[in-house]
Amino acid sequence: MGKLIFTTFCLFILFGCSKNEADQKIAEPTTTTISYSVLAGQHIYAPLKKGNSEYILKTDNPNIVTFEYLEDIEAVSISTLDCGKASITVTDANNDTIAIIKISANYWGSKEIEEIGQSETVKPEVLVVSKDMETKLLIEKELWNYINQRNGTLYSFDGKTKEFTINITQLGERYQGTYCWSIDSLVLNYNNMTEKYAFQIIQGRDYYKIQADKTKEYQSIYPKAGITSVKISRIWYDSGKLHIQ
């Protein structure tokens, strides 16, 4: 009888220890690793569910990213500042690592861009504000002719060398040059010219809108026309999908 009680007691202790060990294994925190490849200057949200305590976020490269945890949407708001790589480590109050978010911020480039007249949702635009209606119509006609001549033009941008080519198919003209890009601007240098554009990524990077402000140019040509604004927007289609390099 004594042996039976002793054996039962040992089994109880053994079972209890095994159960505690199993509970400890279940309670061990798991680390989630998420990787993103984005354009420098792009803003993203990385999903991260709320925990039982406040999160502490740190990065190994503050020159590349800034970040903030937003509890209301359960996500980390991340802004990229420059080209490069950075990791964001998320820990809880117990100093356990909950998540590691890896960011690779890249310079924009693409091998196959075509200028198009319009798509189903985006189209070129010409905006002229002038007191003189005749001058306004004249400028609009000139700029629309320019847009139409550029339809079908092919571009190639090398994000590593910062060099690009333009093939204006309708005019049989081809140029090479260098470019400087940021998330909202694009500067082209070629044929002894410098062209400055506002740059906008639309529809998941399939399309780009570039806008040139030609107000000063036309004010100098027509100083008495009362021109206050001249802007032209053109549409590029990225058929290569190689914008991250």
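Each row is one residue, and each column tells you yes or no for (1) among the hydroxyl-bearing types (Ser, Thr, Tyr); (2) not assigned by TED's automatic domain parsing to the domain that holds residue 156.
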| position | (1), (2) |
| --- | --- |
| 45 | yes, yes |
| 48 | no, yes |
| 61 | no, yes |
| 77 | yes, yes |
| 115 | no, no |
Quiz item: What pairs come up if the first residue lies in the stretch 51-70 and is modelled with pLDDT of 95 or more and of a type in the set (Phe, Trp, Tyr), the second is part of a strand (DSSP E or B) and exposed (fewer than 15 other Cβ atoms within 10 Å of the Cβ), and their beta carbons are under 7 Å apart, counting only those six or more places apart or on different chains?
Solution: 67/77
Quiz item: How many residues are closer than 23 Å to residue 185 by Cα and either outside any strand (DSSP E or B) or more than 17 Å from the chain's Cα centre (by Cα) (or both) if we restrict to the stretch 63-89?
Solution: 5
Self-check item: Per-region count, the stretch 115-137, residues modelled with pLDDT of 95 or more and either more than 28 Å from residue 217 (Cβ to Cβ) or buried (at least 17 other Cβ atoms within 10 Å of the Cβ) (or both)
Solution: 7
Practice problem: Show the residue pairs that are 6+ apart or on different chains and have beta-carbon atoms under 8 Å apart, the first residue being within the stretch 151-162 and without any contact (Cβ under 8 Å) to a residue 60 or more places away in the chain, the second being of a type in the set (Lys, Arg). | Solution: 156/111; 157/111
Exercise. Would you check which residues across the stretch 172-217 are β-branched (Val, Ile, Thr) and outside any strand (DSSP E or B) and list them?
Key: 183, 215
Quiz item: Would you call residue 97 in contact (Cβ under 8 Å) with a residue 60 or more places away in the chain, β-branched (Val, Ile, Thr) and within 19 Å of residue 60 (Cβ to Cβ)?
Solution: yes
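One line per residue, one yes/no per condition, for (1) assigned to a strand (DSSP E or B); (2) farther than 15 Å from residue 230 by Cα; (3) within 20 Å of the chain's Cα centre (by Cα):
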{"residue": "102", "(1), (2), (3)": "yes, yes, yes"}
{"residue": "119", "(1), (2), (3)": "no, yes, no"}
{"residue": "127", "(1), (2), (3)": "yes, no, no"}
{"residue": "138", "(1), (2), (3)": "no, no, no"}
{"residue": "143", "(1), (2), (3)": "no, no, no"}
{"residue": "146", "(1), (2), (3)": "no, no, no"}
{"residue": "165", "(1), (2), (3)": "yes, yes, no"}
Quiz item: Can you tell me which of 33, 59 is surrounded by fewer than 11 Cβ atoms within 10 Å (Cβ to Cβ) and of a type outside the set (Asp, Glu)?
Solution: 33
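The values are calculated or read from the model by the stated rules, or taken from the named source; none is laboratory data. Being a predicted model, the structure only gives us computed values, none of them experimental. As a convention, Cβ positions derive from the backbone with ideal geometry for all residues, glycine included, and neighbour counts pool all protein chains shown.
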